[in-house]
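Structure record follows, encoded as structure tokens.
The values are calculated or read from the model by the stated rules, or taken from the named source; none is laboratory data. Model, not experiment: these values are computed from the prediction. As a convention, Cβ positions derive from the backbone with ideal geometry for all residues, glycine included, and neighbour counts pool all protein chains shown. To get the accessible areas, we keep the full protein, side chains included, count just its heavy atoms, and leave off ligands, DNA and RNA. Shrake-Rupley method; radii C 1.70, N 1.55, O 1.52, S 1.80 Å.
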Amino acid sequence: MLGRIHNAWRRLSRGFGTDITTIAGRRAAWLHFYLFDHAFLRILWTNHAEIAPGVWRANQPSPQRLRALKAKGLRSVLNLRGTSAYAFHLFERETCDALGLTLINHKIYPRRLVPPAQLSEIFAIFDQIEKPFLLHCKSGADRAGLVSALWLLDQEGCTLTQARRMLSLRFLHLKSTHTGLMDAILDAYEADTRDAPMLIREWVATRYDPDAITADFYGRKGQPVPGTKTA
């Protein structure tokens, strides 16, 4: 029963919210944004924090919040949800264009690790993004936490202890759930470089193994990796 309800809800959410070019489409897109993308939860709760001078993290910003941040000097936005045909991205892209903000879209996942090349692209973005900038995912808890930690390690020379604070209950990140995979990346980096220190970007490019990290993470939980079949 619950499965049927969930599937029906997913079908409904995918049925609209992809047009902001007409009055009717725009109204439907706002409904999709606030209801199906949970923007109603983000009206007062922004998960906003400045993690370094000119570097802000948050959950998915609304157009209103982007305008407010622009007034405070915002120049760039790093969207960790990637591009999408749905309202959350359409409104963000439209607003950034109107405000003259540089929007960089780079997709990573909160419950699945991306290949080394895809994660390494984060560091190339770090090297060229103009500050002040905002990095965000949907909730600002998991993907934003990992990328904030990577920024501190790569750009600020912070310790792993300091970087790990980006993945904490302060930002509603729960290590005990599937999103603990974000922490597992930092754990693997620490273990692999304990006797032979290596910069985080070099480690990601040469030694980061998402399959091994994922298998170890679920193995320690006594669970199969999601999507795999067990005998």
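What is the distance in Å between the Cα centres of segment 105-134 and segment 135-194?
Each part reduced to its Cα centre gives a spacing of 13 Å.
Restricting the count to DSSP beta bridges whose residues both fall in the chain, what percent are antiparallel, rounded to a multiple of 5?
20 percent
Taking only C-alpha pairs under 8 Å that are 6+ residues apart, what is the relative contact order of the chain in percent?
Result for the chain is 18 percent.
Considering only DSSP states other than H, G, I, E and B, which chymotrypsin sites (Phe, Trp or Tyr not before Pro) in segment 25-109 qualify as loop sites with at most 13 other Cβ atoms within 10 Å?
45
For segment 161-231, I need the span (max minus min coordinate) of the C-alpha atoms along each principal axis, in Å, sorted largest to smallest.
Cα extents, longest axis first: 40, 31, 18 Å.
With every protein chain kept in place and ligands, DNA and RNA left out, what is the accessible area per residue of the chain? Probe 1.4 Å, answer in Å².
On a per-residue basis, 52 Å².
Assign one of three labels to the chain, namely rounded, prolate or oblate, based on the Cα gyration tensor with a ≥ b ≥ c the square roots of its eigenvalues; rounded applies when a/c is under 1.5, prolate when it is not and a/b is larger than b/c, and oblate otherwise.
Verdict is oblate for the chain.
Sort all Cα-Cα distances of segment 40-138 into consecutive 5 angstrom bins from zero, then give the percent of pairs in each bin up to the one containing the longest distance.
Calculated P(r), rounded to whole percents: 3, 12, 25, 26, 20, 10, 3, 0.
Evaluate the relative contact order of segment 146-211 (contact order divided by residue number), counting alpha-carbon pairs under 8 angstrom at least 6 apart; express in whole percent.
Numbers: 41 pairs, mean separation 18.5, N = 66.
Averaging sequence separation for qualifying contacts and normalising by length gives 28 percent for segment 146-211.
Which percent of Cα pairs goes in each bin when the distances of segment 9-81 are cut into 5 angstrom slices starting at zero?
3, 13, 21, 22, 17, 13, 7, 4, 0
Based on the Cα coordinates of segment 89-210, what is the per residue volume of their convex hull in Å³?
Once divided by residue count, the hull of segment 89-210 is 113 Å³.
Ignoring ligands, DNA and RNA, what percent of the accessible area of the chain is carbon or sulfur (1.4 Å)?
Carbon and sulfur: 56 percent of the exposed surface of the chain.
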